[in-house]
Amino acid sequence: MKIVDKVKRAEQQRTVAYSFEYFPPKTDQGAANLFDRIGRMAQWEPTFMSCTWGAGGSTKERTLSICSTAQVVNGVETLLHLTCTNMDMSQIDHVLKTAKEMGIQNVLALRGDAPRGHEYWTPVDNGFTHAIDLVKYIREQYGDYFCIGVAAYPEGHIDCASRDQDLEHLKQKVDAGADFILTQLFYDVDVFVDWIHECRAKGITIPIVPGIMPIPTYQNFRRMINLCNTHVPDNILTDMDAIKADDQKVKDYGVALSVQMIKRLQKEAGLYNFHFSTLNLERSTKLILQQLGLISPDTQKPKQQRMPLPVVQDLEHAENWDEFPNGRYGDARSPAFGEVTYAAGQRQPTWEASRKWGFPKSAADITALFEQYILGQLDTLPWSDEALTIESDVIRQALLDINRCGYWTVGSQPAVNGAKSTDPVHGWGPKGGYVYQKAFLEFFVAQDQITNLLARCHQDPYVTYYAMNNKGEFLTNVPDTDAQNAVTWGVFPGKEIVQPTLIERANFEAWKDEAFDLWLQWEKQYTPTSATAELLRHLRESCWLVNVVHNDYQRQNGLFDLMLS
């Protein structure tokens, strides 16, 4: 069935309808758990489900698998995201043919982001330049078989000179054959409502479905709004800043904010369809729907898992075990693992990269950039989209000394032994608790230093490490390939021990691919034959990425003494 028919029915009947968006998990275990999660969420009877599409078709197989499972196994209409970034007609034809064979009748036609490592988006030969080209092609080849959705940006697309120009582009996509519009996330309802009126005044009459993203964690929220260049009202930023150390309060605030936004959009803009960007999580979406009176607390019953990873003993645990994702240091078994591991710097054009990071020509120049970042003289690096936190003050001098020794740090934390959860520097979580941390460092190091470094690591029985280079060569002193090392944990009244930060082989290997890709991306910001590009290329090909944990959290300086010995 075409999604637009369901969307129009909700509008005509003035009943609230909702849909869910997922992304392809980074690991096989995460994918297995996502299938189970989708099965539970399908019982809430969404209008449809969608799955995002990696740049250049990089997630094609997993995206199609998720869509076909939702369509065939779970019986939910599926919206296939399809980008035309670096995809020629033969690839587009193959995907559309496969989708039709799977019974998928709905496509979200997108231009998409550039594949990693590209300075600007450029179409391939015989490819497509804009989403409108994809809309036209689908209509030409398949007539009315596919229901086509297109994306819209209430605050204007980042590549458009003005909102008026962006609105004109949207009108052109609609005129080319789009059936409905799906918007990017937003948090300013006033801006959104004004934009809706502008759309209608422009003659855009097809249904508009707003994208709603419940806030998962404070860090995720900050990264996402930076990445999407999203405007957030001052009162929301103030509220979030006051509770940023308590993940549960942030989560609860995100639920309440989403409920408030949906009610306002229904009242002020006459909207009845809402698309939730779930980030592969379920608890917040369920709470929002319950608070809106759309589902009851006993909507679903426990269902046996296809692949219980981890073993889920009851429904409550199935929903909650990974509710606080922690980017690249989260649990690799979670569908939400690594949800935002790329820095906002990935979208900086050439002039911005050279303005902030200059034209390094030697390893010493790279060291100087890392020093400036540690000292607060630079806000970002390719691997870090925000400045160091206040917690890093206690190890700032050690980080400087370590970087000056040729260890370029991209992740770190100090040891903490039972700080109160209300501690202004190290505290997090609800009041009345205590938090703990093992010191760890993640860094790049040259090939000629790796042997000596790992030899020192072997001399301390409390040290564990993982090391990989871009060729895939792997070194570790952790014999258990499935071992999970909790390096941050909290003990709170009436709760299980919370372990938000894990170091394990699976999440290290997943991050390794992205970490080295960022060297490539940085390199591509410069002329290929320039000294800077050649340096960055050499470092990407020769450096090792290393993660070192000192497991005796009572020795405050154990790790840093080792690194500087």
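The values are calculated or read from the model by the stated rules, or taken from the named source; none is laboratory data. Remember, it's a predicted structure, so these values are computed and weren't measured experimentally. Cβ atoms come from the backbone with ideal geometry, glycine included; neighbour counts cover every protein chain shown. With ligands, DNA and RNA removed, areas are computed over all heavy atoms of the protein, side chains included. Shrake-Rupley method; radii C 1.70, N 1.55, O 1.52, S 1.80 Å.
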Using alpha-carbon positions, what is the distance between the centroids of segment 1-75 and segment 409-449, in Å? 36 Å
Taking Lys and Arg as +1 and Asp and Glu as -1, residues besides Glu77 with C-beta under 12 Å from its C-beta add up to 0
Row for segment 1-89, column shape: gyration tensor on C-alpha, a ≥ b ≥ c, rounded if a/c < 1.5 i.e. under 1.5, prolate if a/b over b/c, else oblate; value oblate
If you count only protein heavy atoms and use a 1.4 Å probe, how large is the accessible surface of Lys361, to the nearest 10 Å²? 130 Å²
Of Val16, Ala353, Ala31, which is farthest towards the positive pole of the chain's charge dipole, taken about the Cα centre with +1 and -1 on the beta-carbons of Lys, Arg and Asp, Glu respectively? Val16
Counting helices only, and only those DSSP H runs with n ≥ 4, report the 222 nm mean residue ellipticity of the chain as the sum of -39,500 (n - 2.57) divided by its residues, in deg cm²/dmol to the nearest 500. -12000 deg cm²/dmol
Quote the FRET efficiency, to the nearest 0.05, computed for Thr98 versus Lys471 with a Förster distance R0 of 51 Å and r equal to the Cβ-Cβ distance. 0.95
Checking the a/c ratio against 1.5 first, then a/b against b/c, what shape does the Cα gyration tensor give for segment 435-555? prolate
Chymotrypsin sites (Phe, Trp or Tyr not before Pro) within segment 147-189: which are DSSP loop residues with at most 14 other Cβ atoms inside 10 Å? none
Residue-count net charge about Trp44 - beta-carbon cut-off 10 Å; Lys, Arg +1, Asp, Glu -1: 0
Run the simple label-point estimate for Tyr462 and Asp561 please: 7 Å along Cα→C-beta, distance reported in nm. 0.8 nm
Is segment 133-197 rounded, prolate or oblate when judged by the Cα gyration tensor, a ≥ b ≥ c being the square roots of its eigenvalues, rounded requiring a/c under 1.5 and prolate requiring a/b larger than b/c? prolate
At a 1.4 Å probe radius, carbon and sulfur cover how many percent of the accessible area of segment 452-498? 52 percent
Compute the helix-to-body angle for 189-201: its Cα long axis versus the longest principal axis of the chain, expressed 0 to 90° and rounded to tens. 40 degrees
D for segment 342-463, whole µm²/s, Stokes-Einstein with Kirkwood Rh over alpha-carbon pairs at 37 °C and 0.692 mPa s: what number? 201 µm²/s
Placing unit charges on C-beta atoms (Lys and Arg positive, Asp and Glu negative, everything else neutral), compute the dipole magnitude of segment 357-412 about its Cα centre in debye, rounded to 20. 240 debye
Förster radius 45 Å - calculated FRET efficiency between Ala531 and Asn452 (Cβ-Cβ, nearest 0.05): 0.95
Have a look at the DSSP beta bridges in the chain and tell me what percent are antiparallel, nearest 5. 55 percent
Among 91-102, 410-421, the order from most to least packed when residues are scored by Cβ within 10 Å on average: 410-421, 91-102
Positive end of the dipole of segment 431-505, charges at C-beta (+1 Lys, Arg; -1 Asp, Glu), about the Cα centre: which of Asn452, Met468, Ile497 has its Cα farthest in that direction? Ile497
Summed over the other residues with a beta carbon less than 12 angstrom from that of Ala176, with K and R at +1 and D and E at -1, the charge totals 0
Output the pairs from Lys267/Lys431; Lys173/Lys267; Lys267/Lys495; Lys2/Lys267; Lys100/Lys202 with a Cα-Cα distance over 31 Å in this structure; if there are none, say none. Lys267/Lys431; Lys267/Lys495; Lys100/Lys202
Would you mind working out the magnitude of the charge dipole of segment 198-277 relative to its Cα centre, with +1 at each Lys and Arg C-beta and -1 at each Asp and Glu C-beta, to the nearest 20 Debye? 260 debye
What do you get for GluC sites (Glu not before Pro) in segment 349-397 restricted to DSSP loop and a cutoff of at most 16 other Cβ within 10 Å of the site's Cβ? Glu386
Give me the 1.4 Å probe accessible area per residue for segment 364-489, excluding ligands and nucleic acids, in Å². 43 Å²
Give me the dipole magnitude in Debye, nearest 20, for the chain about the Cα centre, with unit charges on the beta carbon: positive for Lys and Arg, negative for Asp and Glu. 780 debye
Put +1 on the Cβ of each Lys and Arg and -1 on the Cβ of each Asp and Glu in the chain; which of Ala387, Gly177, Asn226 then has its Cα farthest toward the positive end of the dipole? Gly177
Distance in Å, no decimals, from the C-alpha centre of segment 166-204 to the one of segment 506-550 is 39 Å
